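A.B. asks: Submitted below is the structure of interest, expressed as structure tokens.
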Amino acid sequence: MTRAFPLVSPLAGALALALAFPASAEPAPGPTDLDRVEVHGQRDSYRAQSSRSATRTDTPLIDVPQSISVITDEMIDDTAMRGLADAVQYVPGTGMAQGEGHRDAPVLRGNTSTADMFVDGMRDDVQYFRDLYNVERVEVLKGPNAMIFGRGGTGGVINRVTRQADWETTREATLQVGSWDRRRATVDFGQGVSDAFAFRVTGLYEESGNFRDAFELERWGINPSFAFRIGERTHLHVDVEHFEDRRVTDRGVPSDAAVFEGRRYPVVTGRSTFFGAPHLSPSDFQVDAVNLLIEHEFANGATLRNRTRYANYDKYYQNVFAGGPARLNPTGTPVVGIAAYSSATERENLFNQTDFVFSAQTGSVAHTLLAGAEFGRQDTRNYRRTGTFPSNVCYNGGGAFAATTSLFCVPLANPRYTGAVSFANNGTSDANNDVEARIAAAYAQDQIEFSPQWQAVVGVRFDRFEVDFRNRNTGQRISTEDDLWSPRAGLIFKPLDDLSLYASYGITYLPRAGEQMGSLSPSNRAFDPEEYTNYEIGAKWDLAADLSVTAAVFRLDRKNVIRTISPTQSILVDGERIEGVELGISGQITDAWRVMGGYARQDGDVPGSDAQPANMPEETASLWNRYDFNARWGVGLGAIYRSEIHPQVPNAVTLRSFTRYDAAVYFTPSESVELQLNVENLFDKRYFVSAHNDNSISPGSPRGAWLSVTLKF
């Protein structure tokens, strides 16, 4: 396809000498074997017992003073999840904004982000839709996590733990077909070749539509990984991924300018109606990544890990979409203004992390100590072009109709645009920049066990974050340097071995370059970064060997928000305060009954306004159940509730609350064949699932069904 500028050349050979440590993925299950009950039981669980991501040490979740939700491999399979939007549906306090139809945009504790995603603990911050074809589990860590992950993570982070070569024999292929011509195939094949070498390959190919008119999707990926035992105490893992995603950029439907009982709502139209020009709205994404990981265990039990990730991202999207609400034109006909732009981003990430973990004793007090460093560089090129139309009579921002070329008004009854669009960089507000970011960080953490009942976690990270920004339109160069101290502290009380009560505190920062490093300007370069502080108390209770419940109460404060008070003066003020309660459950109630879900209630305070933060519901609740009648037959039933949300501040538009029910049937005719039927929106509920702003609102899917066949060799 035609691009606005040539590809950034890869750093050829830059990683030839890099080393890093193995990801914390759990061992993949082998084929079903009645003599290996323990392995089979682990695979069937919706409950994760430990995580390395939260502390960089292998710590039971009950001993981590933080709210963490883990979507396990079995939960992903049982609900036929394909992407992060599917995964977060059963995570309390977490949602997904629309992302303009071309990217993941999770909403964690009222904060929307396009960059707070990680893979195996390494930053994966380009805007795209992530697939789960190669994922062992998804970890959602809520609240600021800068001590572990660095800048950002204002409401939390999402970490994908990938499937790694691990000497377990895995031979599995899944074919999925269903509504709207979905055709999806995945493979997972791996085994040990010798005591010193193992490999694993995961792959994906998908061609699908959906219920939206003219929507098309094609994506494919391959992720081979290799494991080496170098002596008795050293392990090396190497994996490579190539992933492509091509689709129609779909920004949903606009709102109606008419006010009904003091509120505005999305336009009344068919769920499948496309606004704009699908043939002029491509999204094209590609990533090539290499991960090298090494781990050495010393004779005294200390562990040294080093990991390196290089990733080359190439993203281009164009959209011709509803740029304003539906209004009555001077002749009384309802019309919608169509807008257009294109955007291209190329980024090269190179990160290296080193962790040294060791144990120590001071009297009766035990310590698990972590010392580490991270270095990274990110080179980014951004280029945007605004679309213009033939001159026509359409409305402006105030709703007045006049001749214009920035919008093209089409009838609400037939909102497809079939005319010409000219795209060009306007030389001023359209991005045309090169950005180089350099990261150098050091961190230390102490997990302290005073007694079997009392524990603490204390840590601090220092980041030096440097950015060189060049505006290619004006030739202007801007450089900034931020020194960021990010502390974290938590206290744990365990009145019982399977019950922990905790309190925690943490801080993170968002530098002025922004999460996508395109926001730096002469007017904001001198200001301190935005600061986010999280206070949390909670409880974690392992009710049974494989059933956990959690509860958390939190407050998240945002500071250092820029407020313009005159054309020549701006000041820093306090921003939103989010307060909330989260409840979670995961695991097995009986040997046959598995559950995962939760409840969250959140309240946001936007200074100077009675509005709620954008895309943050006051209440959410979800619960997925799987019940197996016997070794062959099982059923699943899920319910998802979300209270009303507002796409933007000051809450001019409302998306009503909804409850959706999903279901599944499972049939296992033999050890080598599994069949699964998933039904989404069982009762065909009409609702709006997400939004980007007041005029980019995604309808929820009608009832759809997908049949999956899994073969195990």
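A.B. asks: What 222 nm value per residue comes from the helices of the chain, counting each DSSP H run with n ≥ 4 as -39,500 (n - 2.57) and dividing by all residues, nearest 500 deg cm²/dmol? Display every interim value, and only then the final one.
C.D. replies: Values: 4 runs with 21 residues, N = 713.
Theoretical 222 nm ellipticity from helices: -500 deg cm²/dmol.
A.B. asks: OK, next. Taking N as the number of residues in the stretch 404-480, what value does Rg over Cα atoms divided by 2.2 N^0.38 Å take?
C.D. replies: Working: Rg = 26.0 Å, N = 77, 2.2 N^0.38 = 11.5 Å.
Against the empirical 2.2 N^0.38 Å value, I get 2.27 for the stretch 404-480.
A.B. asks: For a quick check: sort LEU84, LEU623, LEU293 by the number of other beta carbons within 10 angstrom, fewest at the front. Don't jump to the answer; show the numbers that get you there.
C.D. replies: Details: LEU84 24, LEU623 16, LEU293 27.
Result, fewest neighbours first: LEU623, LEU84, LEU293.
A.B. asks: Could you work out Rg/(2.2 N^0.38 Å) for the chain, with Rg from alpha carbons only? Spell out each step's value before the answer.
C.D. replies: Working: Rg = 25.3 Å, N = 713, 2.2 N^0.38 = 26.7 Å.
Here the answer is 0.95, to two decimals.
A.B. asks: Also, I was wondering about something else. Taking a temperature of 10 °C and a viscosity of 1.306 mPa s, what whole-number D in µm²/s does Stokes-Einstein yield for the stretch 577-713 with Rh from Kirkwood over alpha carbon pairs?
C.D. replies: Numbers: Rh = 17.2 Å.
In µm²/s, the coefficient rounds to 92.
A.B. asks: So what J values fall out for the stretch 254-268 if you push phi through Karplus, 6.51 cos²θ - 1.76 cosθ + 1.60 with θ = phi - 60°, rounded to Hz, Gly and Pro as x?
C.D. replies: x, 8, 9, 5, 5, 9, 10, 6, x, 9, 10, 9, x, 5, 8
A.B. asks: While we're on this one: P(r) for the stretch 173-274, please, calculated from all Cα pair distances in 5 Å bins and given in %.
C.D. replies: Percent of pairs per bin, in order: 3, 10, 14, 12, 11, 9, 9, 8, 7, 6, 4, 3, 2, 1, 0.
A.B. asks: Same structure again: Amide H neighbours of TYR341 under 5 Å, counting only residues 5+ apart in sequence or on other chains, H built in-plane at 1.01 Å?
C.D. replies: Here the answer is ASN319, GLY387, since their amide H atoms fall under 5 Å of that of TYR341.
A.B. asks: Using the Kirkwood radius over Cα pairs, work out the Stokes-Einstein diffusion coefficient for the stretch 382-527 at 20 °C and 1.002 mPa s, in µm²/s as a whole number.
C.D. replies: Stokes-Einstein gives a translational diffusion coefficient of 104 µm²/s.
A.B. asks: Still on this structure, please answer the following. On a straight-distance basis, which lysines could pair with LYS494 in a cross-link, Cα separation under 30 angstrom, same-chain partners fewer than 8 positions away excluded?
C.D. replies: LYS142, LYS540
A.B. asks: Find, to one decimal place in angstroms, the Kirkwood hydrodynamic radius of the stretch 317-465, where the mean of 1/r is taken over every pair of different Cα atoms and then inverted. Walk me through the intermediate numbers first.
C.D. replies: On the way: mean 1/r = 0.0486 Å⁻¹.
About 20.6 Å for the stretch 317-465.
A.B. asks: Within 10 Å, count the other beta carbons around each residue, average over each peptide in 124-130, 663-669, and list them highest first. Don't skip to the end; give the middle numbers.
C.D. replies: Details: 124-130: 21.6, 663-669: 16.3.
Highest-to-lowest ranking by the protection proxy: 124-130, 663-669.
A.B. asks: Restricting to DSSP loop positions (anything but H, G, I, E, B) with no more than 11 other Cβ atoms inside 10 Å of their own Cβ, which GluC sites (Glu not before Pro) remain in the stretch 310-385?
C.D. replies: Details: sites: GLU346, GLU348, GLU374; in loops: none.
Taking the stretch 310-385 and a limit of 11 other Cβ atoms within 10 Å, no loop GluC sites (Glu not before Pro) are found.
A.B. asks: Which of ILE645, ILE294, ILE76 has the fewest other C-beta atoms within 10 Å, and how do the rest follow up to the most?
C.D. replies: ILE76, ILE294, ILE645
A.B. asks: Order by neighbour count: TYR509, TYR532, fewest other Cβ atoms within 10 Å first, most last. Present the calculation step by step, with values, prior to reporting the outcome.
C.D. replies: Details: TYR509 24, TYR532 27.
Neighbour counts put them in this order, fewest first: TYR509, TYR532.
Read the figures in this text as sums done on the coordinates, not as results from a lab. Note that this is a predicted model, so its numbers are computed, not measured. Cβ atoms come from the backbone with ideal geometry, glycine included; neighbour counts cover every protein chain shown.
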